[in-house]
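Step one of this worksheet: look at the structure below.
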Amino acid sequence: MPVLLAALMAALLLAPSASAAGPWRDAPSSSRPSQAQQTGPAAEQDPQLRAAAPKHKKTLRGWQLNERKVGLAPFGLSCDSLKEYTGPARPPAGTKIKRRLVTEPLDLSNGDIVVTKSCIRPTSTGYHNEFLVTTTRCDDSCSAPARGHVVIRDSEISGLAMDPEEISTSCAFLGIGTLKRNLMHGMGSGICFFETGDKFDALAENNYVTGLRSYGDSHNEAATIRDFEKAGGRSATFLNNRLECTSGNVTGGLFIQPTWESIYNVDVIGNYIEGDGYNLFVSGGGGSYDDLSSINNRFRSTGWGPSVVDEGDGWDTWRKNYLFDPSAKKSAGRPVRQ
C-alpha cells in the first residue's frame, strides 16, 4: 500500500477539485444545500421509544429497520445511560467492551475485539483519515489488521459530540470487520470497508445509517467499499441494512469503487438504500472489480436515480431489485434494472 501521504495525494488527484475533503472523495456529489444543523434520529431524543422497542426475534430486511429496532434501543439503553469506558483507545487483542460509553476514537487494529451494547460517541477524531472507529493501522504506511475477529454489534456510533466541520469527512467505521444491528448517525459517512487486506471477510448486517452531515466540499456515503482483494474465497457482504444518505453532498447510498486496489466478491442483498445522489453507485478507479451481486434490494431515490454503473462491466448478478413501495407486497414496487 502507498504511504499515507502518497495515498492522500492520490485521493486529491482523483477528487473533483483539489479542495474536496476526505481521504477518497473522488466522485461528484449532489448539489443540495448542506444540512449542517441536522440532528440525530428520534430514538436518541426520546427514551420512551427506546424502552418500548421490540427485542430481536427474526432477521429483518433493510426496509423493515428503524431507529427502534437496532442499536441500543431494543435493550432499553441509551448513550447517556451507560458507564464511561476507561480502557485504552487502542485496546489489546482479546478485549470485550460491553455496555460502555466510549468518548474517544477507537483503534481496533490489534484485532480479536468485540464491542456490544455500547455507545461510541467521540469528542475528537483519530490520527488518520479522521476516524471514529478503525481497524486500519497507519505508521509509515497503512495496513489491515494482522488479526481478524473485530465485531461491533447492538451498538450506537454517533458523531453528534462534534460540529459538522469536524466530522463531515469521517466514517463511522473505517476498516474491516463484522458490524451487526448498529445505529450510525451524525458523522459524514457510515460504513467504510477500506484497507481490508487479503485475509478476512467483511460483513455489514442489519445496520441503520442515517442523519449524516456534510460540510464544505465533503463527499458523503452511507456505505462504501474501496478495496477487497480476491483471496481464499473471502467475501464482503452488505446484508439487510438501511442506508440513508441525504446529507447535502452525496455521492451515493452505497458507493463501490476500486480506488487503489481491486474489489472482488461483493454481495449486496436485502438492503433499503434511500436518499440523494445515486442509491447504488459502481465506479471505476485505480483497480478493477469483478463478482458483484445485487439481489432483492429496495431503492428510494430523491436524487439522480436508484442505480448507476459509471465504468466497467457492472453487476455479475442482478435480480429482484425494486423501487421501494410500502403498499406493495414485500415493499417491491417497479423493478429496477442495472
- prompt: What pairs from Lys96/Lys320; Lys98/Lys329; Lys98/Lys230; Lys98/Lys320; Lys96/Lys330; Lys58/Lys98 go past 27 Å between their alpha carbons?
  reply: Lys96/Lys320; Lys98/Lys329; Lys98/Lys230; Lys98/Lys320; Lys96/Lys330
- request: Please sort 94-103, 112-121, 276-285, 297-306 by packing, taking for each peptide the average over its residues of neighbouring beta carbons within 10 angstrom, highest first.
  value: 276-285, 112-121, 297-306, 94-103
statement: Charge dipole of segment 42-335 built from unit charges on the beta carbon (Lys, Arg +1; Asp, Glu -1), centred at mean Cα; most positive-end Cα among Ile167, Ala236, Thr224 is Ala236
Phi-based couplings in Hz for segment 273-278 (Karplus 6.51, -1.76, 1.60; Gly and Pro marked x): 10, 9, x, 8, x, 9
query: Which whole-Hz couplings ³J(HN,Hα) result when phi for each residue of segment 245-251 is put into the Karplus expression 6.51 cos²θ - 1.76 cosθ + 1.60, θ = phi - 60°, listed in order with x for Gly and Pro?
result: 9, 9, 6, x, 10, 9, 8
- prompt: How would you rank 71-80, 225-234, highest first, on the average number of other Cβ atoms within 10 Å across their residues?
  reply: 71-80, 225-234
- line: If the label point sits 7 Å along Cα→Cβ of Ala93, residues of segment 135-155 with amide N under 18 Å come out as 135-138, 143-152
query: Amide H neighbours of Met187 under 5 Å, counting only residues 5+ apart in sequence or on other chains, H built in-plane at 1.01 Å?
result: Gly159, Arg213
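Tell me, what is the Rg over Rh of segment 42-335, with Rh the Kirkwood radius over Cα pairs?
0.94
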query: Expressed as a fraction of 2.2 N^0.38 Å, the rule-of-thumb size for a compact globular protein of N residues, what is the C-alpha radius of gyration of segment 63-202?
result: 0.97
task: Might you report the magnitude of the Cβ-based charge dipole of segment 42-335 about its Cα centre, with Lys and Arg at +1 and Asp and Glu at -1, to the nearest 20 debye?
output: 1840 debye
query: So who's got an amide H within less than 5 Å of the one on Tyr289, skipping anything under 5 residues away but keeping other chains? H placed 1.01 Å off N, in plane.
result: Ile263
query: Roughly how big is segment 141-241's charge dipole about its Cα centre, with Cβ charges of +1 (Lys, Arg) and -1 (Asp, Glu), in debye to the nearest 20?
result: 440 debye
- request: In whole Hz, with x marking every Gly and Pro, tabulate ³J(HN,Hα) for segment 223-233 from phi via Karplus 6.51 cos²θ - 1.76 cosθ + 1.60, θ = phi - 60°.
  value: 8, 8, 10, 10, 7, 6, 5, 6, 6, x, x
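What's the ranking of 85-92, 236-243, 250-257 by average number of surrounding C-beta atoms within 10 Å, highest first?
250-257, 236-243, 85-92
All of the numbers you see were taken from the coordinates with simple rules; none came from a lab. Because the structure is predicted, anything quoted here is derived from the model rather than measured. Cβ sites come from the backbone with ideal geometry, for glycine too, and all protein chains shown count toward neighbours.
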